[in-house]
Each structure stands twice: as C-alpha cells, then as structure tokens.
1. Which entries of Lys84/Lys206; Lys106/Lys181; Lys84/Lys132; Lys138/Lys206 show an alpha-carbon separation above 27 angstrom in the structure shown?
2. Determine which residues of region 112-132 fall in the zone a paramagnetic label at Val43 would reach in this model, i.e. backbone nitrogen under 20 Å from the point 7 Å along Cα→Cβ.
3. Hey, any idea what the orientation-averaged projected area of the convex hull of the chain's Cα atoms comes to, in nm²?
4. If I model a spin label at Ser111 and Thr208 as a point 7 Å from the Cα along the Cα→Cβ vector, what separation in nanometres do I get?
5. Under a no-solvent Debye model with one identical scatterer per Cα of region 154-228, what's log10 I(q)/I(0) at q = 0.14, 0.17 Å⁻¹?
6. First measure r as the distance between the Cβ atoms of Ser85 and Arg187, then evaluate 1/(1 + (r/R0)^6) with R0 = 45 Å and state the FRET efficiency to the nearest 0.05.
7. Determine Rg/Rh for region 22-145; Rg is computed over alpha-carbon atoms and Rh is the Kirkwood hydrodynamic estimate from the same atoms.
8. Taking K and R as +1 and D and E as -1, what net charge do the other residues with C-beta under 15 Å from the C-beta of Thr34 add up to?
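Read-outs: derived from the displayed coordinates by stated rules, not from any lab. Predicted model, so just to flag it, every value in this text is computed and none were measured. Methodologically, a virtual Cβ is constructed for each residue, glycine included, from the backbone with ideal geometry; neighbour enumeration extends over all protein chains shown.
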Amino acid sequence: MNQKTFLAIGGAVASLAACAAIVTAPAGAATVGTTVSVRVEGVNRTLLSPKTIRTHGGSITKGGTPVGQCPATSAAGALDVATKSRWGGTFSSGLGVEVLSILGEKHSFTSKYFWGIWINNRFAQLGACALKLHKGDKLLFGAISDTAPDNALLLRTPTNVTAGHAFTVKVTYLPAKGLAKPVAGARVGGAVTNGQGSATITAHNKGTLFLRATKRPFIRSVFARVTVS
C-alpha cells in the first residue's frame, strides 16, 4: 500500500519544538533496550549506512510529543540514537509524529516524497513510535515517492569469486507478506537483472568489489562486499 506513515501514536496537538528529543527514565527505573541496526536512505544518496545501536529507556519528545507516548525503545528511539537526534518532526492528535527531516534531508507531508519505514526489509504497517523492536532487527528509514511501491531492494551475491569468471547476482524485494519477489531491470555493477531478478557480472581484477542494486523508484540496496581472487 502507498500511504504516508506517521512515526508515533496519537495525542495532543503540538508544534515542532526545538527541545530535547528524549526524556530519560527516572533514576532507579529499569531501562530496557535492545541492539538493532539502522539505515537511512535519502532520495539520491545514502544518508546513514547500516549502524548498530542500542536503544534505551525514556520517551521521545520530538515535535512536542507528550512524555510517555513514544517509547525510546521504539523505532523512533532507534532513529534518535543512530542519528544523534539529527531528525525533526511534528506531533498532532490522532496522527502522531510526522517525520519531516533526517540528517538534513527534508520532506513534508505535502511534498512528493515522505519518510517510510521498513523493518527487516518489509514495509512497516505501524508508525515508528508503535513499532516495537527485537534484538537483531534491521530498521530502514527511506525517502519514497507517494506514488511508488513500498519496496526496498535486496541484493544477493557470492562472497568470493574468481577474477575473469562470471558470477550471478540476484535482486529481490519482500512484500508486506509472503516470499521474496524478483526484480527485473535493476542495475548492479553495470549489469541489468532479467525477469528472474538475476544478472551476470565478471570481475577482471583481483581485490574487493562493492556492489549495490538500484532501480527507481525502489529504495536502493545496501552494499554487498565480494572478494575477487
């Protein structure tokens, strides 16, 4: 589905505030956090490569979000830690926190793009404040067109290849439910995938090859590292 996703649960109306992003838990209170990775993809470039962080207790208060309505252990809290609070949003009743900017890239609710969320490579059906995280989760915030499919590319490559010998890569995406689906027409290292999502590449020199899959308007994949011997 294509809809603009808000990053919290409802509450009282408030304007964007230049206040601290987190209210920490009271002294002596139990703090519960988990270790996850966070990535941020802008329209034209990667803003944050996968970064492993640990969430902690307290509340997110971006945009005037009332204390207690957006746990710092949520996806919003993970974004706050990963970006060192370099993101902005505004809170409104019934909608929650609309993310307007991440690491300097801005997209308002009325613009062509908005900030979507993927959890473990599937488009999230909940906002960031309602999205509970588990150890090892992979969180992605991506700028996506409101007319585009909510899909993030996945690239599968061999780990080691031989110089001068062709090898196969495959590009897929995960729908909201079900198995991975192949992506035709994706570009990987100068090659283009076929109807089965596969492409053939030949590395002529020894060393390390970094490959990524791209196809607009999909969210680009992370880089895959291939050792050429």
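1. Distance filter (> 27 Å) returns Lys84/Lys206; Lys106/Lys181; Lys138/Lys206.
2. It comes to 112-118, nothing else.
3. 13.4
4. 3.3
5. -0.41, -0.59
6. That pair, Ser85 with Arg187, gives E of 0.85.
7. Using Cα coordinates only, the ratio equals 0.94.
8. +3
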